[in-house]
Each structure stands twice: as C-alpha cells, then as structure tokens.
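Note sheet for the following structure.
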Amino acid sequence: RFHSEFFGKKSRSYHLDKTLLCNKHGYGLIHIFEDEYVHHKDIVLSKILHLLKLDNNKPRIYGRKCKIKHILKNEAMVFLNKFHIQGFNNASVYIGAFYQDECIAVMTFKYGNINTYGWELTRFATNYNYVCPGVGGKCLHFFIKEYNPTCIISFADRRWTVDIYNNFYTKLG
C-alpha cells in the first residue's frame, strides 16, 4: 500500500524509472503487485521460473506441432482467466493453439479500439504447465493469413519485460 503511487506518494513514472535505471546498468527488473501474487500465484511463479530459465523440467510443445484455429469466446474466457495474469477481456477474434486436442495457448485480437483504428493484439497466454516455443508466432501468422491486417499494435506490460531487446514482441517482429 505505501509503496504505491497513490498512497505512497510516488510519481506515475516511479516504477518505470527504476526499471530503466536497472536496464542502464545491465540488470533486468520485474515488479510484482501484491494482488497479482495473492490472486494469481501460480502464474506469477511460472513467469519468474521462465524469466530465470528454470522451467526446463516442463514438457516442451513447439508451435510447429500445434493446430491453430478459431475458438469460442467462452473457451477463451476460461483459458485466459486461468493462465493470463490480467484475465479475460472482450475481443473480436479468439484464436487457440491445440496440441493433441488440448488447448495450450490463446491469442485474442480486437478491431477498432478507442485509441486505434486497426487491429490490436489484446491477450496472449500459454498453459503454464508447458514451455511453448513458437506458439505465439504461429498464432499470429494464422491471424495475419485469415484477416490480412495492415497494422497490428499491442501494449506490453513493462513490469514483466526484463530485456526490451529480447522479448515476446521482438521475437514476433
């Protein structure tokens, strides 16, 4: 409570400033909010293990071995509420990645947001019981092939971005 911008009288850029200062000196920094840890402990711990490259004991499912298809809103809702730290959000398109009939990833897109006039990638999550290299790229390529967008934007939560030059977005191009 007292470390927050509101109660702790911190500036709006307080956490970003700390992140940038750490990056400048060659360190990555993540910020975990108390409510995330309380309400999404499994996701938080999985993200930390992944960032530290300590999730090698999990089964690996490669994107090339997955089938990508449209899924229903309710399927996306159940998956994202379990595996995405921000949970579900309404979107225009819901895409699932399946391995042996099990949904292992969901990517969602929204068209014509209040801030944009094109497509926005709004959510991407994988089942934290697996390491899923290439699945994000395969979902994105499926979307591009189906919808032929002129532009796709997305917003990253910098609190979880350790390396601004090597992350999910830079890997997707």
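Give the residue that is most open to solvent (accessible area, probe 1.4 Å), with candidates limited to residues of region 152-168 that are of a type in the set (A, V, I, L, M, F, W, C) and in a helix (DSSP H, G or I). Give the derivation first.
Filtering region 152-168 down to residues of a type in the set (A, V, I, L, M, F, W, C) leaves 152-153, 155-156, 160, 162, 164, 168.
So of that shortlist, the ones also in a helix (DSSP H, G or I) come out as 160, 168.
Values: W160: 25, F168: 66 Å².
That would be F168.
Identify all residues within region 127-151 that are open to solvent by 60 Å² or more (accessible area, probe 1.4 Å) and on the phi < 0 side of the Ramachandran plot; write none if there are none.
N129, K138, H141, I144, K145, E146, Y147, T150, C151
Determine whether region 120-140 contains at least one residue that is in contact (Cβ under 8 Å) with a residue 12 or more places away in the chain, in a loop (DSSP other than H, G, I, E, B), farther than 19 Å from I48 by Cα and in contact with a strand residue (DSSP E or B) (Cβ under 8 Å, 6 or more places away or on another chain).
Applying the first criterion (in contact (Cβ under 8 Å) with a residue 12 or more places away in the chain) to region 120-140 yields 120-140.
Pick out the ones that are also in a loop (DSSP other than H, G, I, E, B) and you get 127-130, 132-134.
Restricting the remaining residues to those that are farther than 19 Å from I48 by Cα gives 134.
Within this subset, residues satisfying the condition of being in contact with a strand residue (DSSP E or B) (Cβ under 8 Å, 6 or more places away or on another chain) are none.
The answer is no; no qualifying residue exists.
Does any residue in region 144-173 that is touching a residue at least 24 places away in the same chain (Cβ under 8 Å) and over 22 Å from F33 (Cα atoms) come within less than 9 Å, Cβ to Cβ, of a residue that is of a type outside the set (S, T, N, Q) and in a loop (DSSP other than H, G, I, E, B) six or more places away or on a different chain, and which pairs are these?
P149/G118; T150/G118; C151/Y117; C151/G118; I152/G118; I153/G118
The values are calculated or read from the model by the stated rules, or taken from the named source; none is laboratory data. Since the structure is predicted, the reported quantities are computational estimates derived from the model, not experimental observations. Positions of Cβ are backbone-derived with ideal geometry, glycine not excepted, and every protein chain shown enters the neighbour counts. The accessibility values were calculated without ligands, DNA or RNA, using every heavy atom of the protein model including side chains. Shrake-Rupley method; radii C 1.70, N 1.55, O 1.52, S 1.80 Å.
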